[in-house]
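Data first, discussion second: the structure below is written as structure tokens.
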Amino acid sequence: MKIYAAKTCNLQASEAKQLCLLLDRDRRQKVSALKSSRQQERSIFAGLLLRYAFLQAGYDIEAWQQVEIGKGTYGKPYIIGHQEFHYGLSHSGDWVVCAVDRMPVGIDLQEIKPWKLSLAKRFYHEEEYNRLLALGETEPDRQTQEFYRMWTAKESAVKLSGRGIGAGISQYVTAGDYRSIYDQNQQCTLGIRQYDILEGYMICLCSNAGDFPGQIEQIALV
């Protein structure tokens, strides 16, 4: 299991066009459908990071050029014909991350921004909400950290399943040590690991396999 991270940057139209030639067909279609240049840039970098991870896994350029993206039962993307290569992508702010493994993975990246307690009240379990309230007046910075630890954990769990955030994150309850998360609907516990090595960001990786990497490999894509 590996995690790669790359910082995005502004691209000239000609640069974006050239980089799109390196992406898989599905990603190129996604990029062309986006109206915001910033969204297009993030999507391009996400596609480039997946390409990098695929090549790092031992596949060659010819295999990459033939890559086709399929969708699982709940819409989780996978590379057709490569059952031992599973991946997850996420982007936020100026960063994109990609997790890869032989087993399904879910990863979420969030830029730490101002947030509202009402959001936690709506989506978090009562026990989690009370944990946040207990930190409110005495430790506001830690409360913010806890909010994003919970949020990234929940999103990484829904991304592992492929259901996406629209399926509801309230069914997931984080453990106090953030080493696991409980799915109330499926009545099962999933392993998670969180990383805060990118200043101003929180990352969470979710997997049934465990054996989480201790570090994130930061690379320059352009």
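Can you list which of the trypsin sites (Lys or Arg not before Pro) found in region 1-55 are DSSP loop residues with at most 10 other C-beta atoms within 10 Å?
Those satisfying the criteria are K35.
Would you list which aspartates and glutamates come within 15 Å of K71, measuring only between C-alpha atoms, while excluding same-chain residues fewer than 8 positions from it?
Qualifying aspartates and glutamates at Cα under 15 Å: D24, D26.
Tell me, what is the FRET efficiency for L133 and N208 to the nearest 0.05, using R0 = 35 angstrom and their Cβ-Cβ distance as r?
0.65
Report the residue, chosen from H125, H91, H82, that carries the largest GNM mean-square fluctuation when the chain is represented by alpha-carbon nodes joined by springs under 10 Å.
Of H125, H91, H82, the most mobile in the Gaussian network model is H82.
Considering the zone a paramagnetic label at D26 would reach in this model (a point 7 Å from Cα along the Cα-to-Cβ line), which residues of region 59-77 have amide N under 17 Å from it?
Label zone hits: 63-77.
In whole percent, and with a 1.4 Å probe on the protein chains, what portion of the accessible area of the chain is carbon and sulfur?
After summing per-atom areas, the C and S share lands at 45 percent.
How much mean residue ellipticity at 222 nm does the chain get from its helices, if each DSSP H run of length 4 or more adds -39500 (n - 2.57) and you divide by all residues, to the nearest 500 deg cm²/dmol?
For the chain, the value works out to -11000 deg cm²/dmol.
Let me know the longest stretch in the chain that avoids all GluC sites (Glu not before Pro) found in a DSSP loop with at most 15 other C-beta atoms within 10 Å.
In the chain, the maximal stretch lacking such sites is 1-67.
Residues of region 5-42 with amide nitrogen under 15 Å from the 7 Å Cα-to-Cβ point of I69?
It comes to 20-35, 39-42, nothing else.
Distance between the C-alpha centers of region 104-118 and region 21-47? Whole Å please.
One Cα centre to the other: 22 Å.
Pop a pseudo-label 7 angstrom from the Cα along the beta-carbon direction at both I219 and Q56 and give the gap in nm to one decimal.
Computed distance between label sites I219 and Q56 equals 0.5 nm.
So with the 1.4 Å probe, I'd like the accessible area per residue for the chain, rounded to whole Å².
53
Any idea what angle helix 140-161 forms with the longest principal axis of the chain, computed on alpha-carbon atoms, 0 to 90 degrees, nearest 10?
The answer is roughly 50 degrees.
Within region 43-77, what residues put their amide N at less than 13 Å from the label point 7 Å along the Cα-to-Cβ vector of N185?
74-75
Between Rg and the Kirkwood Rh of region 97-176, both from Cα atoms, what is the Rg to Rh ratio?
Ratio value, two decimals: 0.99.
The values are calculated or read from the model by the stated rules, or taken from the named source; none is laboratory data. Everything numeric in this text was worked out from a predicted model, so none of it was measured. Cβ: placed from backbone, ideal geometry, glycine included. Neighbour counts: every protein chain shown. Keep in mind that these areas ignore ligands, DNA and RNA; they rest on the heavy atoms of the full protein, side chains included. Shrake-Rupley method; radii C 1.70, N 1.55, O 1.52, S 1.80 Å.
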